[in-house]
Amino acid sequence: MRCDLHVHSIASGMCDTPLLNRVCRESYNQPDEVYARCKHLGMSIVTLTDHDSIDAAQRLRRHTDFFVSEEVTCRMPSGTLVHIGVYNLSDRQHLEIQNRRNSFVSLLMYLTEQKLFFSVNHMFSGLTGKRDAEDFHWFASYAPAFEVRNGQMWGPANRQAQKLAKRLGKIGIGGSDSHTITGVGLTYTEVKGASTVSEFFAGLRARRGRVKGIEGTYSKLTADIYRIGAAMFQEKPATLAMLPLSVLVPAFTAAHWLNEVWFCKKWEKHFADGEKAPRMLWDLRAGAERV
């Protein structure tokens, strides 16, 4: 079975870029288009991982091969923010997760109690701001999985995540993290021998998963921003007044890309001396998966 475990839709809310956050969405992907794209590219099961939202899931619940997930913006004990992918959850669990997301410890306790599968996403990216060394100790001790291939991330950042996951004995997952329809389904996680959603996650816990697909590049990111801009102009024609600013997009993405490279290299150096094996909160064997 194959699944793109990191996909965004129109329900991911507004972008966090100053000024643009009033008019531009994180993604203009329609849920039905995401589903069709995933199936066209051979995904066996489909999910959406919108930022702190499961609103778009309502349109896809009729599909038996769809399951509900979200990308939770969580505050760490250090005060920094991290994105946590939480999978195969219920509406009630979503509400409780949102109540707890301002405290990583509180969220961790709930995810553990509910035996929900979760991952730390793009951990070597500066997308959520600064990172503290203490954050990585929390990840090492208590997160069952790391996202080790993200379709938007710089290749070395993915490889560093994969290297750390292997060193710490973590489960590796992959997803496109696509905010435009063109990237959906091009990066995914594959589990052999699974035929249901529960079996898929049981296979991940049993470490039978493999990540496959493309990684991010500067040109890919730049093209995606132009696509998002075009969708913004179409939804809100008044924003066409901002069209002359589009010539700045390559410079903006270049600055972002250089920051991503710096962020990754900084934390790669931090882990050069290695880490001790983590202490896990619960048994991650296949039998731990809820049904």
- Message: I want to check the label-to-label distance for Asp55 and Met14. Put each point 7 Å from Cα in the C-beta direction and report it in nm to one decimal.
- Response: 1.2
- Query: Which far-off residues, 5 or more places away or on another chain, put their amide H under 5 Å from the one on Ser178, with H placed in the peptide plane?
  - Reply: His8
- Give the total of Lys-Lys pairs in the chain with Cα-Cα distances below 15 Å; include a pair only if its members are 8 or more places apart or on different chains. 8
- Item | Length added when fully stretched, Lys115-His256, from 0.36 nm per residue minus Cα-Cα | 47.2 nm
- Message: Given an 8 Å cut-off on Cα distances and at least 6 residues of separation, report the relative contact order of the chain as a percent.
- Response: 20
- Message: Tell me whether the stretch 1-132 comes out rounded, prolate or oblate; compute the Cα gyration tensor, take square roots of the eigenvalues as a ≥ b ≥ c, and use a/c under 1.5 as the rounded threshold.
- Response: oblate
- Whole Å is fine, so just give me how far the alpha carbon centre of the stretch 40-91 lies from that of the stretch 7-33. 15
- Query: Gap in Å between the Cα centre of the stretch 99-174 and the Cα centre of the stretch 199-243?
  - Reply: 19
- Query: Round to a whole number: what % of the accessible area of the chain belongs to carbon and sulfur, probe 1.4 Å?
  - Reply: 56
- For the stretch 234-247, just list the computed ³J(HN,Hα) in residue order, Karplus coefficients 6.51, -1.76 and 1.60, θ = phi - 60°, integers in Hz, with x standing in for Gly and Pro. 5, 6, 10, x, 4, 6, 4, 4, 8, 3, x, 6, 5, 5
- Each label point is 7 Å from the Cα along the Cα-to-Cβ direction; what then is the distance between the points at Ala272 and Gln234, in nm? 4.8
- Checked the stretch 31-83 against the a/c 1.5 cut and the a/b vs b/c comparison, axes a ≥ b ≥ c from its Cα gyration tensor; verdict prolate
- Using the heavy atoms of the protein chains and a 1.4 angstrom probe, tell me the accessible area per residue for the stretch 70-206 in square angstrom. 33
- Message: Between Ala133 and Glu33, what's the calculated FRET efficiency when r is the beta-carbon distance and R0 is 41 Å? Round to 0.05.
- Response: 0.50
- Item | Cα-projected label distance for Ala241 with Thr217, points at 7 Å along beta-carbon direction, nm | 3.8
- Per-residue ellipticity at 222 nm for the chain, helices alone: DSSP H runs ≥ 4 residues times -39500 (n - 2.57), over residue total, nearest 500 deg cm²/dmol? -11500 deg cm²/dmol
- Message: Probe of 1.4 angstrom, ligands and nucleic acids ignored: what's the accessible area per residue over the stretch 1-63, in square angstrom?
- Response: 43
- Item | Cut-off 13 Å between beta-carbons: net charge of the residues surrounding Asp50, Lys and Arg +1, Asp and Glu -1 | -4
- Item | Gyration tensor (alpha-carbon) shape descriptor, the stretch 121-222, a/c threshold 1.5 | oblate
- Query: Taking the Cβ of Cys38 as the center, what net charge do the other residues with Cβ under 13 Å away carry, scoring Lys and Arg +1 and Asp and Glu -1?
  - Reply: -1
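The values are calculated or read from the model by the stated rules, or taken from the named source; none is laboratory data. Just so it is clear, the model here is predicted, and its values are computed rather than measured. With ideal geometry, Cβ positions are generated from the backbone for all residues, glycine too; neighbour counts draw on all protein chains shown. Note: areas computed on protein heavy atoms with side chains; ligands, DNA, RNA excluded. Shrake-Rupley method; radii C 1.70, N 1.55, O 1.52, S 1.80 Å.
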